[in-house]
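Any read-out appearing in this document is the output of simple, stated calculations on the displayed coordinates, not a laboratory observation. The shown structure was predicted, so the numbers you read here are calculated from the model rather than taken from an experiment. Here the Cβ positions follow ideal geometry from the backbone for every residue, glycine too, while neighbour counts run over all protein chains shown.
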Amino acid sequence: MNSGKNKKEKENRFMNGKRELIYLLICGFLMLGITACTPTFPREKVSESIIKICKENYDLDVEVKITGETLSVGIVLDNLIEENFYFTKEAKNKIDRIFLTVTRVCLSTDAPLDFFVIICRDTVSEVDVSFVRYIDDIKKSFFRYISQEDYFNRLVLEIVPQDFWEKDDFSFSEIKFPGFLSAQMVQRLNAQINQQNLSVPKFYINAISKKEEDDELVVFECKLEAEESKSSSDYMWDEFLELLMETVYNVCGKYKFFDYEGLRLLEADGEEIINIKKTALENMQKGKKDWVFK
């Protein structure tokens, strides 16, 4: 019990640290003002400009790569996270400056960019902490189409363990919109689960493209992975499923993404547990729960 409680306390401290960091980023972003309105960085100069600004203005060495419509920036830090799971003050300042630089460039270029990701490699704890931002969310926040709270929640933060002895390079790859939505769902679900203190198995959500005649739809697949030390009766299945359905529906609605067929719940070996069509998700929002969990 204590280990579970300590884990939740660490997660909460980390989220508080994340919230504090993003607050600084929002404040810094607002200081950009009208600067963000004029395109001054041509697409062929984007990577070079970010590297130059970070080095000359902040003495930061970053790697930059554009893959498809995703701009990726990587930086190696000596000490990113403290023992109490907060970002160190020095790391926060560096990340803040990189965010401001990347935001400025992304809003002032003619390059067709949809996402940017900033990957911070901690050489002490040996993890990669990545921040993924949908660039259109920045514009919506700037013009106050979304609240600061929603803007904060739309930033995807992921922590990935890194094996430095086998892999020294950053893994830069293109971010697809359905995949970004999947990451949003996982992040928001975890926040709700921690807040409500629900007992649920580990879960992973992926967006699977599916061709139907001339249309390409997406199916969101949620794979469950139960812990060996727990039995099926230890989990709050109905509460989890209801929260999962609500999250999938709401995230797609927030981003006005309607080209999806529904949600599939899978066991760890890939066997289907339940297939929920989009109409069922819509009916749930109207109070018609026409699903049954096996």
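A few comments on the model shown:
- Cβ-based net charge around Y255, under 14 Å, with every Lys or Arg adding one and every Asp or Glu removing one: +3
- Distance from segment 63-103 to segment 214-249 (C-alpha centre basis), Å: 32 Å
- Whole-Hz couplings from phi, Karplus 6.51/-1.76/1.60, listed for segment 52-65; x for Gly and Pro: 5, 5, 4, 6, 6, 8, 10, 6, 10, 9, 10, 9, 9, 8
- Loop-located GluC sites (Glu not before Pro) in segment 169-270, at most 12 other Cβ atoms within 10 Å (DSSP): E213, E227, E228
- Site pair E82 and E225 shows an inter-label distance of 3.1 nm when each label is modelled 7 Å from Cα along Cα→Cβ.
- Put in line by how crowded their Cβ is, counting other Cβ atoms within 10 Å and starting with the fewest, Y255, Y249 read Y255, Y249.
- Order of R154, R97 under a 10 Å beta carbon neighbour criterion, fewest first: R97, R154
- Neighbour-count ranking [beta-carbon atoms within 10 angstrom, fewest first] of S125, S47: S125, S47
- Estimated at 0.36 nm per residue, the fully extended path between R144 and S209 surpasses their Cα-Cα distance by 20.1 nm.
- Secondary structure note: in segment 179-285, about 75% of the DSSP beta bridges are antiparallel.
- Cut-off 19 Å, label 7 Å out along Cα→Cβ of V160, residues of segment 108-139 by amide N: 114-135
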